[in-house]
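The values are calculated or read from the model by the stated rules, or taken from the named source; none is laboratory data. Bear in mind that the values here come from a model prediction, so they are computed numbers and not experimental data. Neighbour counts run over all protein chains shown; Cβ positions are idealised from the backbone, glycine included.
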Amino acid sequence: MTKPGRAAAWLLATALGAPASPLHPQGTGPVTIARLQYGGGGDWYANPSSLPNLLAELRERAGIATADREVAVRATDPALRDYPFLYMTGHGNVRFTDEERLALRRYLLGGGFLHADDNYGMDESFRREMGLVFPDRELVEIPPTHPVFHAPHEFPGGLPKIHEHDGAPPRAFGIFHRGRLVVIYTWETDLGDGWEDADVHDDPPEIREQALRMGVNIFVFAMSQAVS
């Protein structure tokens, strides 16, 4: 089983109340989130307080032993395969090299997971790059009935609206491989802004709560999927 696969099995066993193995799924320390660095000029480093806050919520709400901070990786970094959950965001252009596209495809088909969260402005370039990474697959809309919206927190209407942006309804898209969701793309919501420290965007507490709950759902769902 791949390292992402072992991580998924470990997290699922923990969620079901099984004794946790003393071995960490990443091999060295608690579970963390990898933040994807990319070229093209977009600010891949946006929302610096978002992932530490989400990791803290995963500790408190899901009982998952997590690190205090994320790690930054490039798609071609050999360490990428050690991190089963990859996150990317930004406002501007996204561009991968041919080598990065191939590495990202191998990572995702081999058991990894990517959550891409549009911070407003990366939609066109992200869709272009996903088309190059997966020319044989499409981003398809994920309906509100999908399990990612129903555990551990209920979102009967699907993805919550966090920031207005263009005023369009929030939508979630995905890429699937053998029935497994390998990419989730959250658009017109900006979950990462809602994860940031409360004084950054002055979001009402109920909005931040919705964002954090949805973030927990995505992580828990991603890590509990079987890897074939």
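For this structure, a couple of remarks:
- The range 49-70, residues that are in contact (Cβ under 8 Å) with a residue 24 or more places away in the chain and either in a loop (DSSP other than H, G, I, E, B) or farther than 17 Å from D117 by Cβ (or both): S49, R61, A62, G63, I64, A65, T66, A67, R69, E70
- Candidate set from the range 136-180 (those that are assigned to a loop (DSSP other than H, G, I, E, B) and among the acidic types (D, E)); member that is surrounded by the most Cβ atoms within 10 Å (Cβ to Cβ): E138
- Evaluating L108 against the criteria (1) buried (at least 16 other Cβ atoms within 10 Å of the Cβ); (2) closer than 23 Å to P152 by Cα; (3) not aromatic (F, W, Y) leaves one unmet condition, (2).
- Residue in the range 131-147 that is over 18 Å from L191 (Cβ atoms), touching a residue at least 60 places away in the same chain (Cβ under 8 Å) and in contact with a strand residue (DSSP E or B) (Cβ under 8 Å, 6 or more places away or on another chain) present: no
- Qualifying residue in the range 182-201 (condition: at pLDDT 95 or above, buried (at least 22 other Cβ atoms within 10 Å of the Cβ), within 13 Å of the chain's Cα centre (by Cα) and farther than 19 Å from L51 by Cα): yes
- When the range 89-127 is limited to residues that are of a type in the set (A, V, I, L, M) and within 16 Å of the chain's Cα centre (by Cα), the one that is nearest to W195 (Cα to Cα) turns out to be A116.
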